[in-house]
Amino acid sequence: MLTDQDIQRFRLETRGTQHVIHFNNAGSSLPPDAVRNAVNEYNNEEMTMGGYETNQKYLPQLEATYDSIAKLLNANRDEIALVENATVAWNAAFQAIDWENGDVIIATRADYASNYLAYLHLKRKFDLEIKVIPSLTSGDLDLQAFEKMIDSKVKLVSVTHMPTNGGLTVDAEAVGVITKKHGVLYLLDACQSAGQYPIDVEKIGCDMLSATGRKYLRAPRGTGFLYVRRSVLSQLTPYCIDSHAAEWTGVDSYQIRTDARKFEGWEASRANTMGLKAAIDYALTIGVENIWQRIQYLAAILRNELAQLPYVKVHDIGDLKSGLVSFTLEGKSADEAKTYLHERGINVSWNGTSNTYLDMTSRDLKEVVRASVHYYNNEEEISDLITVLKKIN
Ligand SMILES: Cc1ncc(COP(=O)(O)O)c(C=O)c1O
């Protein structure tokens with residue numbers, strides 16, 4: 001449990017909190033000083049000493065990034081690939097599957113747009129079927145219906161853990177019980193849950209998991225990672241290989257690496273990797289379970305306060321709600337609300353239909369304002385947001 005003093009310290013260590021009320025953590029969080037320092041220190045050295053030389057000097061720390069991610073996920077370091085964002089991570093896994101005509105993908109209603117676009121894009125090449133798990137009236141997945149959907153044609157179950165809006169937290173562990181029982185590949189999009197929710201790939205039972213650095217992990221932009229379970233690594237063929245992912249062994253031959261780094265490219269910002277490591281270590285020191293408790297506490301206050309405003313409607317669903325709070329305002333578009341708040345020093349975001357097309361259209365929503373809380377936010381910031389919203393109409 002985090003104390004008021006802890007929160008005060010986290011805010012002092014996050015200089016952005018002195019400038020802005022940041023409720024756009026689901027877009028990109030304010031990083032702590034530890035992240036900024038790690039990136040700046042590495043960049044300075046690189047600019048002075050040379051890129052490859054600095055890489056060599058910092059190799060132990062860069063390598064330790066894999067250990068930090070492995071610890072965050074309860075995985076092994078050889079199951080981790082460092083990439084530049086969640087979409088690259090997700091596609092590295094998705095495109096590596098041996099797709100064939102007749103395959104079925106089971107998806108979720110609140111899947112992230114880029115994932116669903118990838119299914120549709122692949123459908124142009126293969127005769128695939130996309131089936132969507134029905135939702136209960138609560139908005140949670142209908143797990144009984146899901147299990148009945150599984151047959152020998154199902155090649156992949158693809159789930160977005162915490163959708164980009166709508167407040168849902170999918171029961172990823174329950175999905176894993178079913179995929180394991182039926183021996184079906186399971187890809188989890190943990191883009192919004194990494195750093196927010198305590199992820200344990202053994203408990204969840206997913207085979208692949210994608211995440212980004214800049215959101216709830218508070219890492220620099222341009223960072224992300226993929227987890228691939230050892231037991232499925234050999235079934236997956238990367239769609240792009242460079243000389244880091246494979247070795248050119250003869251005129252007509254090459255050897256692909258056997259660990260998850262076969263999904264990486266050689267060139268990347270090492271400074272950002274240092275920032276990612278610093279961010280994950282910072283989160284691990286606080287404890288992701290503590291972070292999750294605090295986010296749920298703040299998000300519940302925010303939802304409750306918003307619900308008191310007669311012209312505001314909160315649109316969050318599911319039994320277990322994430323820190324992503326979605327709402328609409330009567331008489332104001334989401335973009336107008338976002339701009340109004342921004343001009344008064346409060347950052348929020350807005351989402352339109354195309355971010356989660358199936359979910360938004362099934363709920364007759366065209367757009368929502370998204371205020372996403374993190375553990376370093378506080379009750380006063382929520383009050384300030386509500387005060388400003390009271391004046392908006
Ligand atoms: C649920 C979810 N998945 C994937 C992504 C894509 O992440 P990235 O921009 O790091 O590729 C996002 C971005 O908002 C997201 O919310």
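Bear in mind these aren't lab numbers, they're just calculated from the coordinates by the rules spelled out. Bear in mind that the values here come from a model prediction, so they are computed numbers and not experimental data. Glycine also receives a Cβ, built like all others from the backbone with ideal geometry; neighbour counts cover every protein chain displayed.
Remarks
- Of the cross-linked pairs K57/K277; K155/K321; K332/K366; K71/K215; K131/K321, those separated by over 23 Å at the C-alpha level are K155/K321; K131/K321.
- Along region 89-102 the Karplus relation, 6.51 cos²θ - 1.76 cosθ + 1.60 evaluated at θ = phi - 60°, assigns HN-Hα couplings of 4, 4, 5, 4, 6, 4, 6, 8, 6, 7, 5, 9, 4, x Hz to successive residues, with x for each Gly and Pro.
- Top of G222, G195, G250 by mean-square fluctuation, Gaussian network on the chain, Cα under 10 Å: G250
- In sequence order, calculated HN-Hα J values of region 303-312 (Karplus, 6.51, -1.76, 1.60; Hz; x Gly/Pro): 4, 5, 5, 4, 5, 6, 7, x, 9, 10
- 16 Å cut-off, amide nitrogen to a point 7 angstrom out along L284 Cα→Cβ, residues in region 22-62: 35, 60-62
- Cβ-based charge dipole, the chain, positive-most Cα from A26, V104, A334: A334
- Inter-part distance, region 297-322 to region 23-55, computed on C-alpha centroids, equals 35 Å.
- Aspartates and glutamates with Cα under 15 Å of K338, excluding same-chain neighbours fewer than 8 positions away: E330, E367, D384
- log₁₀ of I(q)/I(0) at q = 0.08, 0.09, 0.18 Å⁻¹ - region 35-285, Debye sum with one point per alpha carbon: -0.32, -0.40, -1.40
- Selection from S372, V184, A93, by position along the positive dipole direction of the chain (Cβ): S372
- Alpha-carbon centroid distance for the pair region 2-17 / region 89-159, whole angstrom: 40 Å
- Rounded Å value of the spacing that divides the Cα centres of region 243-278 and region 185-212: 22 Å
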